[in-house]
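Written below as structure tokens is the structure these notes are about.
The values are calculated or read from the model by the stated rules, or taken from the named source; none is laboratory data. Keep in mind the model is a prediction, meaning the values are calculated, not measured. For neighbour counting, all protein chains shown are included, and Cβ atoms are generated from backbone atoms with ideal geometry for every residue, glycine included. Ligands, DNA and RNA are stripped out before the accessible areas are found, and what is left, the full protein with its side chains, is counted by its heavy atoms. Shrake-Rupley method; radii C 1.70, N 1.55, O 1.52, S 1.80 Å.
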Amino acid sequence: MHELDTLEVERAWKRTKDAVEGALGLIGGELGIADMSVLWSGSLLVPVIALCGTIPPKERDDREIAGWVAAAALRHRYSRSSGTAVEQDLRACRADDPVRSYLPI
């Protein structure tokens, strides 16, 4: 980050903030989750934030993403090596069909 100029950092921060707000809105809207007390791991939000930051709202399927969150939570996706799972899920963000790449099968 020390190599970025102030404007680049400000733009990245805004994109990150917008992605977090989008992810929280998606989780609240699709799953009715109002706070993190229901989600046992904040890691569940990392891929959702990444998708909200890279796919415009009109192009993403919020129901699919919410379905992934539900499946990942039910299967305790991040109960063991969360670093490895998050890394796999972030790699899936770059796939042609990220949600299907996320599915913890």
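Points worth noting:
- Computed over protein heavy atoms with a 1.4 angstrom probe, the accessible surface ordering of 68, 13, largest first, is 13, 68.
- Unit charges on C-beta of K, R, D, E only; dipole of segment 14-105, Debye: 220
- Difference of contour (0.36 nm per residue) and Cα-Cα distance, residue 54 to residue 5: 15.5 nm
- Convex hull per residue volume in Å³, alpha carbons only, for the chain: 118
- Taking all protein chains as shown and a probe of 1.4 angstrom, residue 31 keeps an accessible surface of around 70 Å².
- Segment 18-84 - percent of accessible surface contributed by carbon and sulfur, probe 1.4 Å: 54
- Taking the inverse of the mean 1/r over every pair of distinct Cα atoms in segment 1-51 gives a Kirkwood hydrodynamic radius of 12.2 Å.
- Per residue, the chain exposes an accessible area of 66 Å² to a 1.4 Å probe, with every protein chain left in place.
- Neighbour-limited loop hits for trypsin sites (Lys or Arg not before Pro), segment 11-105 (at most 12 other Cβ within 10 Å; DSSP other than H, G, I, E, B): 58, 75, 80, 94
- Longest exposed-site-free window of the chain, the sites being GluC sites (Glu not before Pro) in a DSSP loop that have at most 10 other C-beta atoms within 10 Å: 4-58
- Computed over the chain: relative contact order in percent, which uses C-alpha pairs under 8 Å that are six or more apart: 26
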